[in-house]
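The structure appears below as structure tokens.
Bear in mind these aren't lab numbers, they're just calculated from the coordinates by the rules spelled out. Just so it is clear, the model here is predicted, and its values are computed rather than measured. Cβ: placed from backbone, ideal geometry, glycine included. Neighbour counts: every protein chain shown.
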Amino acid sequence: MTTVTLPPASFSEIWFVMDYHEIIKLIAEDENLFTHQCKLVPKENLCLPGPDYIDRVFLNSSRNIQTLRNMEVLYRHGRLAGSGYLSILPVDQGLTQVPIPFRMCI
């Protein structure tokens, strides 16, 4: 029987922060990745997020009112509510359906 190591208690133990100069050292030969400017898509064509995102982007589409209302509910819920951003995280169905004692051992 193999045991599974539980993740650290906080994200600070998993992720580390690099400043601009450390990143430049890693990709020194491709510094133009930071200075690239797109010339194919004008910035006027971008739909930037904001509190009125649903009205600006989806209102003139062929979606029915119930769909637009449900999208508005999704965009107005949680930490990102009203920002125009939406984050839906995937759920691993294999582990969420298993009782807790069985999640510790595989």
Report task. Classify segment 14-90 as rounded, prolate or oblate from the Cα gyration tensor: take a ≥ b ≥ c as the square roots of its eigenvalues, call it rounded if a/c is under 1.5, otherwise prolate when a/b beats b/c and oblate if not. Result -> oblate
Query - Relative packing of 72-78, 59-65, which averages over residues the other C-beta atoms within 10 Å, highest first - result: 72-78, 59-65
